[in-house]
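The values are calculated or read from the model by the stated rules, or taken from the named source; none is laboratory data. Predicted model, so just to flag it, every value in this text is computed and none were measured. In this analysis, Cβ positions are derived from the backbone assuming ideal geometry, glycine residues included, and neighbour counts consider all displayed protein chains. The accessibility values were calculated without ligands, DNA or RNA, using every heavy atom of the protein model including side chains. Shrake-Rupley method; radii C 1.70, N 1.55, O 1.52, S 1.80 Å.
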Number of protein chains: 2
Amino acid sequence: MALVVQKYGGSSVQSADRIKRVAERIVETRNAGNDVVVVCSAMGDTTDEMLELAKQVSPNPPEREMDMLLTAGERISNALVAMAIHALGAEARSFSGSQAGVITTPVHQKARIIDVTPGRVQQALGEGAIVLVAGFQGVAQDTKDITTLGRGGSDTTAVALAAALNADVCEIYTDVDGVFSADPRIVSDAKHLQTITYEEMLEMAACGAKVLMLRCVEYARRYGVPVHVRSSYSNKPGTVVSGSVEDLTVEQAMITGVAHDRSEGKVTVVGVPDTPGVAGRIFRVVADAEIDIDMVLQNVSGSSSGRTDITFTLSRDNGPTAVAALERLQAEVGFEQVRYDDRVGKVSLVGAGMRSHPGVTATFCEALANAGVNIEIINTSEIRISVLIRDDDLDVAVRAIHEAFKLGTDEEAVVYAGSGR
Amino acid sequence: MALVVQKYGGSSVQSADRIKRVAERIVETRNAGNDVVVVCSAMGDTTDEMLELAKQVSPNPPEREMDMLLTAGERISNALVAMAIHALGAEARSFSGSQAGVITTPVHQKARIIDVTPGRVQQALGEGAIVLVAGFQGVAQDTKDITTLGRGGSDTTAVALAAALNADVCEIYTDVDGVFSADPRIVSDAKHLQTITYEEMLEMAACGAKVLMLRCVEYARRYGVPVHVRSSYSNKPGTVVSGSVEDLTVEQAMITGVAHDRSEGKVTVVGVPDTPGVAGRIFRVVADAEIDIDMVLQNVSGSSSGRTDITFTLSRDNGPTAVAALERLQAEVGFEQVRYDDRVGKVSLVGAGMRSHPGVTATFCEALANAGVNIEIINTSEIRISVLIRDDDLDVAVRAIHEAFKLGTDEEAVVYAGSGR
């Protein structure tokens, strides 16, 4: 008898009919002899409707109350799924994140899970019930206020529960059939991956693959929870995320896939005095605005002017805030200007295999050059190469790299769609 | 500086605009120098929408999950009101029933409040915040499951919080201007009552006056909480419920008003063997089905047949259940048949004054006789007379009694509308 944690996204529970189908799958898993814990996101459009109401009553709603409001969505969907399971003759009990022992930091709207104390979940499992836990939410350790985990929070809830319950697997049901060697909407022969290591999945997620959020994969890796990404709408095998790059043999280690990201913007601080400490001041200002930066390029000071340019990328959402923060620093630091460019895209090649195969970077750059794509910034890790290019070149670049590394398959591809919380 | 508890019903918060108006009233109360605790019901149609979803996923949803589902409604409305208050520049914090310390019995869908431990509410008040508490909900003492209080539950939440916080007043905002000497939709010169004692209000509520629910008035009386019923849509003075009939002087004691009730049905058990214990068996069966009965009539056994009829009234909602339960008893007890009649209505006269004025019953019956209304059952308490009549006669009877006791006024009446939770 295994313990299975299943997570269903917002589109899987967006109507009464879909909720009933999800309930059938849950009861099948239970009838196959497993203990089952289920985490559901809010129903399809619920969150958007609540956000709209909030906007109508307040131009700038307090984050504590936004969390109180939004967590009602998961409460509704989980209770409805519990009812649908009950209608199929199985016992089900739903718990809020707080009731299920999901303890978080007190940062509203983007809390992090500190601990999971699933005593009530275990008791209900022991009494033979299927347990539903509202995803995306928890309770702050000290203040006891309700918190939300931010984007991808329901996936993280599922993985954290799986870790705390020592579950055999965490199944993430979504609207795609798993992880592919590239986005099938761009690359028609993209290959379905049956397995992928945590490190490779982390790099893919960090580089724009939307199937799993970064934090969820980080959590799974830290606690060694096998994550099985599957489609809610088919019985295809999906992709299992588990194991470490370190444990792969040279034969197993391969190039995994190509990820791309259209969500970044590029900031260039022009004419920065080339004196020690200035770059640090610039990045401190951005960090103080709680903005994460991704790729960084500092041009070598090429002229005798004693000035250089500093370029970095960040989420487009944060672009205006970062520019404003830097402009406030201009007089003090004495740089010439701040430029912002949101017509950029990032394409990345990920794979444990590149550790043992020199020449991957060369092949990568040649492929882009042959496709006529100009590289603006390049950034690498042990198992990843990323480049910043024009966003108009992104599709061409993904196909060129996928082709150059022979990542394709003859199988028919399935199209990606958007992802939920 | 007073401590004021305010309760707003579902229609008062049914849209973003109404929520903003409610927020203005709350902030005015705060700015007048009061500590303010607010209890809101769910937004207008939320509950109906949730009930519809529940019906779509399950023909018979478990009550535990219904409570989990429905309590999301108050969570949403309270968070939105907190946001609207915040937008007006005041600090507000919303709490779920559980967070506010509303401890109940474990009976889902109709829990009763056992205790209120409002530590977090007091702390937030101490920090200068306006506090919002989700009405209609609590947490079961032993199981820690979420419960709901049933109809009128938000009023009861407000009164219970007022009692636990030792508040100066509990203001119940509704869509009527207070308590009247009769339903102004039926009696055009119905008089607005500025004050009413707990006992009189209890009798009025028990007899169908919908402005306050029975349990809420019982709670207020037990803890001596003054309840001020007011309109959300005007600044009229409303009605204050406080004080005891015992403390009224003879001059103060008056006839309060006429209440009517269209929600009852009449069950007659025909041909019951007139032997000791049989009536007890009949009422036990009804009680075991958790059905409250109201008026009872047992005809004197007039013939030599040794059989009698037992008639009682109950809520129409419970009619079919009661009939089915009694029919299962038929063979065992040996009565002839069970009849059910839902074309009945109840009209009641309430007032402390009738204790010291003989002849009230006579005037009451004469008024009905003169209006051509036939009495089927009569039932009295120290401060009330109620009769069961045909439902078609109800409006005529209310007007006749109101006229006979000269309860009218020259002021313009305001029309009643439906009541929320």
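Rg and Dmax of the protein assembly as shown, both derived from C-alpha coordinates alone, stand at 34.2, 126 Å. Potential lengthening of the chain between B:THR195 and B:TYR223 amounts to 8.3 nm, from the contour at 0.36 nm per residue minus the alpha-carbon distance. Extent of segment A:344-404 along its three principal axes (Cα atoms, max minus min coordinate, largest first): 32, 18, 14 Å. Amide hydrogen proximity for A:VAL347: with H placed 1.01 Å from N in the peptide plane, the residues at 5 or more positions away or on another chain lying under 5 Å are A:VAL387, A:ILE389. If you take the alpha carbon radius of gyration of chain B and divide it by 2.2 N^0.38 Å, what ratio comes out, to two decimals? Compared with the compact-globule rule of thumb, chain B sits at 1.05.
What the phi angles of segment B:182-197 give under the Karplus curve with 6.51, -1.76 and 1.60, with θ = phi - 60°, is a coupling list of 6, 5, x, 6, 9, 10, 5, 9, 4, 9, 6, 9, 7, 9, 7, 7 Hz, glycine and proline written as x. Each pair of Cα atoms in segment A:3-175 enters the Kirkwood radius, and Stokes-Einstein at 20 °C and 1.002 mPa s then converts it into a translational diffusion coefficient of 136 µm²/s. Comparing the full protein assembly with the isolated chain, the residues of segment A:63-77 losing at least 40 square angstrom of accessible surface (1.4 Å probe) are A:ARG64, A:GLU65, A:MET68, A:LEU69, A:ARG75, A:ILE76.
Counting only protein chain heavy atoms and rolling a 1.4 Å probe, the accessible areas of A:ILE85, A:ILE146 rank, largest first, as A:ILE146, A:ILE85. Label-to-label distances for A:GLN109 across copies, nearest first, come out at 4.0 nm, using points 7 Å from Cα in the beta-carbon direction. Buried area at the A:B interface is about 3400 square angstrom, summed over both chains, from accessible surfaces computed with a 1.4 angstrom probe.
Between copies, the label points of A:GLY277, set 7 Å from Cα on the Cα→Cβ line, lie 10.1 nm apart, reported in increasing order to one decimal in nanometres. Binning the alpha carbon pair distances of segment A:182-242 at 10 angstrom intervals from zero yields the distribution 22, 53, 23, 1, expressed in whole percent.
Helix B:214-223 and the long axis of chain B differ in direction by around 60°, with both axes built from C-alpha atoms.
Computed over protein heavy atoms with a 1.4 Å probe, the accessible surface of the protein assembly as shown works out to 41 Å² per residue.
Per-residue Karplus couplings for segment B:356-367, computed as 6.51 cos²θ - 1.76 cosθ + 1.60 with θ equal to phi - 60°, are listed in order as 9, 10, x, x, 5, 4, 4, 4, 4, 5, 4, 4 Hz, Gly and Pro entered as x.
Please work out whether segment A:188-341 counts as rounded, prolate or oblate from its C-alpha gyration tensor, where a ≥ b ≥ c are the square roots of the eigenvalues and a/c under 1.5 means rounded, while otherwise a/b larger than b/c means prolate and anything else oblate?
Details: a/c = 2.82, a/b = 2.41, b/c = 1.17.
Cα axes put segment A:188-341 in the prolate bin.
Computed from backbone phi, the HN-Hα couplings of segment A:371-378 come to 8, x, 9, 8, 8, 9, 9, 10 Hz, rounded to whole numbers (Karplus: 6.51 cos²θ - 1.76 cosθ + 1.60, θ = phi - 60°; Gly and Pro given as x).
For the pair B:SER188 and B:THR321, what calculated FRET efficiency results from E = 1/(1 + (r/R0)^6), where r is the Cβ-Cβ distance and R0 = 30 Å, to the nearest 0.05? The computed FRET efficiency comes out at 0.20.
At R0 = 30 Å, how high is the FRET efficiency between A:ARG151 and A:ASN379 if r is their beta carbon distance? Nearest 0.05 is fine. In this case the efficiency is close to 0.85. Within 10 Å of the Cβ of each residue in A:88-96, the mean number of Cβ atoms contributed by other protein chains is 3. Which residues in segment A:375-393 have a backbone N closer than 14 Å to a point placed 7 Å from the Cα of A:ARG343 along the Cα-to-Cβ line? The answer is A:389-393, whose backbone nitrogens lie closer than 14 Å to the label point.
May I ask you to compute the full-extension gain from A:GLU246 to A:ARG281, defined as 0.36 nm times their residue separation minus their alpha-carbon distance, rounded to one decimal in nm?
8.9 nm
Taking the accessible area of the protein assembly as shown, probe 1.4 Å, and keeping the other protein chains in place, the carbon and sulfur fraction comes to 47%. One quarter of the surface of the convex hull around the alpha-carbon atoms of segment B:122-173 equals 4.4 nm², the direction-averaged projected area.
Relative contact order of segment A:98-179: 30 percent, from C-alpha pairs under 8 Å at least 6 residues apart in sequence. A helix-only calculation puts chain A at -10500 deg cm²/dmol for mean residue ellipticity at 222 nm, using -39500 (n - 2.57) for each DSSP H run of at least four residues, averaged over all residues. Counting only DSSP beta bridges whose two residues both lie in chain A, roughly 60 percent are antiparallel.
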